[in-house]
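*Asks:* Can you keep this structure in mind? I'll have questions shortly.
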Amino acid sequence: MSKFSDHLESSLLNHIFRDILYTKPSSIYIGLFTVVPADALGTPTNEVLATSAWSNYLRVDAANGDGTTGAGIATGWQTPNATGGSTSNAKVITFAANNGAASVTIKGIGIFDGSGSGANLLFHSQLATEKTLLTGDVLSFGLNSITVTLA
């Protein structure tokens, strides 16, 4: 995963070249998409939370892995690989079971600076293999399976 959102690109460029401070988020959340998100995505219209098929869906705090809060961002990510310019999740990321009446097909993931609808998308990626979740299915990402690369 190394696609920056337009929001993050602009924020970093303003921070580096225009002295407009970019404040790092206090938490990093992982979200799921039924359609692969785009850089310019402002409102995540294709995020699972925008559907009624999975009513108990919530973004997962990467520092905690299970939707709870409290741990610092650094606990959720591996020490960056200095030669490869990448980091990956240090905890298993587990979403609540699909409690909807229908299946939901997940095609992409996003990394957000918050849990709610006003949060900014920071990074996004298409899944290597899309996953269809039937009612009762749980989706988890194992250790080091979500990688952010700056290249």
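Rule-based calculations on the coordinates, nothing more; no lab input. Since the structure is predicted, the reported quantities are computational estimates derived from the model, not experimental observations. Ideal geometry is used to build each Cβ from the backbone, glycine not excepted, and the neighbour counts take in all protein chains shown.
*Asks:* Mind listing just one residue for me: the one in the range 74-125 that is touching a helix residue (DSSP H, G or I) at 6+ places or on another chain (Cβ under 7 Å) and of a type in the set (S, T, N, Q) and, of those, surrounded by the most Cβ atoms within 10 Å (Cβ to Cβ)?
*Replies:* Among those residues, the one meeting the criterion is ASN89.
*Asks:* Among (1) over 15 Å from GLU47 (Cα atoms); (2) more than 10 Å from the chain's Cα centre (by Cα), which single condition is THR132 missing?
*Replies:* Of the numbered conditions (1) over 15 Å from GLU47 (Cα atoms); (2) more than 10 Å from the chain's Cα centre (by Cα), the odd one out for THR132 is (1).
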